[in-house]
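For reference, the structure is listed below as structure tokens.
The values are calculated or read from the model by the stated rules, or taken from the named source; none is laboratory data. All of these numbers come straight from a predicted model, not from anything done at the bench. Glycine gets a Cβ as well: all are built from the backbone with ideal geometry, and neighbour counts include every protein chain shown.
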Amino acid sequence: MDYVFHFGDIWAARDELIDGTLLTLRLSALAMILSLIVAIIGAFARTSGPRWLRGMVAAYVELIRNTPFLVQIFMIFFGLPTVGVRLDANTGALIAMVLNGSAYTIEIVRAGIESVSHGQTEAAYALGLGRFRTFRLVILPQALRAVVPPLGSQFILLMLNSSICSVISADELTAATQDIQSRTFRPFEAFIVATGIYLCLSLLFSGTFAAVERFAFGSPRERRG
Amino acid sequence: MRQLNAGDFEFLLLATRWTILLSLYAAIGGGIVGLAIALMRTSASAALRWIAIGYIRVFQGTPLLLQLFLVFFGGDMLGIPLGAWLSAILGFSLNAGAFLGEIWRGSIQAVPNGQIEAAKALGLHYAPRMLRVVLPQASRIAIPPTVGFLVNLIKSTSLAAIIGFVELTRAGQMLNNATFRPFVIFGIVSAIYFVLCWPLTVTSRRLERRLALSTRR
């Protein structure tokens, strides 16, 4: 192999990489929070809504989970303007990420809700709590505690998937890297650096989720004692 | 700008063949890599175990799109231009290998230890022990999540569109550039993906339920 690595040009473009990384972080964090909110509402509708609503949520989940994210992005970014909704790339990316992420998150939260024993609901009713308050005060906290680990991996996937938003030129990390490589003609170096940054981000996220599980919910090991 | 016609629908169907073929090759390649990773991950040698752990961490902790770019441009760098088709097969295989390796590791470790001890006591060495005792039992546990993973694999082949390989998604994109009917075109594209993926999703779920019933004590 007579290839000489040359990272000078990439280092010169570090400000762009930092900006891209920050946008990737912001975009994913926002998408995570919004899709968790959508998922809690969706999972409530899926488990205790009227029959037609349950069916609709189930259909939504199946549709999103059995089609590629890239096609969903195209649908939103090219489709919505034809019906008069103007979007900039970053907003389009966020909408696509929330729509996609919430389908997976609904299933996770639903599994959490179903893992809470039925006696909890009966006890809450017996104490005179209504259906909504039972869900909010009794079921949801226990359900969320049970699903922190799968939620964490789902959110990391969401962050990694944000790289696909570069195709509609949302200016996150992958798009920034594309710019740099087309200017410097150093694609391999540019993408290896970006890949390294993503790896750090996913380690950072999994560390954060482990901390959340520990401090917000108390680790299972401590509770057992 | 021109109108959509029946020929365009045929164009999408023809492109679907490439999506299916790409998924098939990636599943085979990923299966080979995944088996190697799963065996390394469960081997007695700490060095092999750590290599497998590192491989899984890196491929599961970075975006698939960037892995594709690295294979695509890495081939050029080494002086072996792979082109979009080979890059896609290689990239998807390496990535699928990490996910299948992790799934199959779990299945291998789910085989009760007594089976392995009994095989050792019968004097079976590593290869016959794995082939005749452990893997047949592990494969029963592995099938439902493996089928589920195939759905992910089919969906992710859409990323080959970004490195310029004309499969279903790229074909839809090209049609959209010519006719600009995004809802119709990407609606049809989504429907085709759904028809490919949904039966696998349902099968995986059904197999999982059956396995859960048969292993319940």
Within the stretch B:41-79, considering residues that are of a type in the set (Ser, Thr, Tyr) and either within 25 Å of B:Glu117 (Cβ to Cβ) or without any contact (Cβ under 8 Å) to a residue 24 or more places away in the chain (or both), the one nearest to the other protein chains (Cβ to nearest Cβ): B:Thr62
Residues that are among the hydrophobic types (A, V, I, L, M, F, W, C) and surrounded by 13 or more Cβ atoms within 10 Å (Cβ to Cβ), drawn from the stretch A:8-31: A:Ile10, A:Ala13, A:Leu17, A:Ile18, A:Leu23, A:Leu25, A:Leu27, A:Ala29, A:Leu30, A:Ala31
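Return yes when A:Ile95 is over 20 Å from the mean Cα position of the chain (by Cα), more than 14 Å from every other protein chain (Cβ to nearest Cβ) and assigned to a helix (DSSP H, G or I) and no when it is not. Give the derivation first.
Details: over 20 Å from the mean Cα position of the chain (by Cα): no; more than 14 Å from every other protein chain (Cβ to nearest Cβ): yes; assigned to a helix (DSSP H, G or I): yes.
Against the criterion (over 20 Å from the mean Cα position of the chain (by Cα), more than 14 Å from every other protein chain (Cβ to nearest Cβ) and assigned to a helix (DSSP H, G or I)), A:Ile95 does not qualify.
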Residue under evaluation A:Ile156, criteria (1) under 30 Å from A:Phe215 (Cα atoms); (2) surrounded by 21 or more Cβ atoms within 10 Å (Cβ to Cβ); (3) in contact (Cβ under 8 Å) with a residue 60 or more places away in the chain, criterion not met: (3)
Residue tally, condition within 14 Å of chain B (Cβ to nearest Cβ) and either modelled with pLDDT of 95 or more or surrounded by 15 or more Cβ atoms within 10 Å (Cβ to Cβ) (or both), over the stretch A:33-83: 23
Odd one out for A:Phe215 among (1) more than 21 Å from the chain's Cα centre (by Cα); (2) closer than 26 Å to A:Tyr104 by Cβ; (3) within 14 Å of chain B (Cβ to nearest Cβ): (3)
Residue that is farthest from the chain's Cα centre (by Cα), among those in the stretch B:19-55 that are more than 28 Å from B:Phe194 (Cα to Cα), of a type in the set (Val, Ile, Thr) and surrounded by fewer than 18 Cβ atoms within 10 Å (Cβ to Cβ): B:Ile51
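Enumerate the helices (runs of 4 or more DSSP H) found wholly within the stretch A:119-206, keeping only those where 2 or more residues are over 20 Å from the mean Cα position of the chain (by Cα) and within 14 Å of another protein chain (Cβ to nearest Cβ).
Those helices (runs of 4 or more DSSP H) span A:173-184.
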Meets criteria (in contact with a Gly (Cβ under 9 Å, 6 or more places away or on another chain) and either charged (D, E, K, R) or modelled with pLDDT of 95 or more (or both)) for B:Ala171: no
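State whether the residues of the stretch B:166-184 include one that is farther than 22 Å from B:Trp104 by Cβ and acidic (Asp, Glu).
yes
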Count of the stretch B:135-157 residues which are charged (D, E, K, R) and in contact with a Pro (Cβ under 8 Å, 6 or more places away or on another chain): 1
Total residues in the stretch B:155-171, condition within 20 Å of B:Trp198 (Cα to Cα) and assigned to a helix (DSSP H, G or I): 7
Every residue from the stretch A:1-25 that is touching a residue at least 12 places away in the same chain (Cβ under 8 Å) and within 29 Å of the chain's Cα centre (by Cα): A:Ile10, A:Ala13, A:Glu16, A:Leu17, A:Asp19, A:Gly20, A:Thr21, A:Leu23, A:Thr24, A:Leu25
Number of the condition not met by B:Pro182 [criteria: (1) modelled with pLDDT under 95; (2) in contact with a Leu (Cβ under 6 Å, 6 or more places away or on another chain); (3) at the interface with another protein chain (Cβ under 8 Å from one of its Cβ atoms)]: (2)
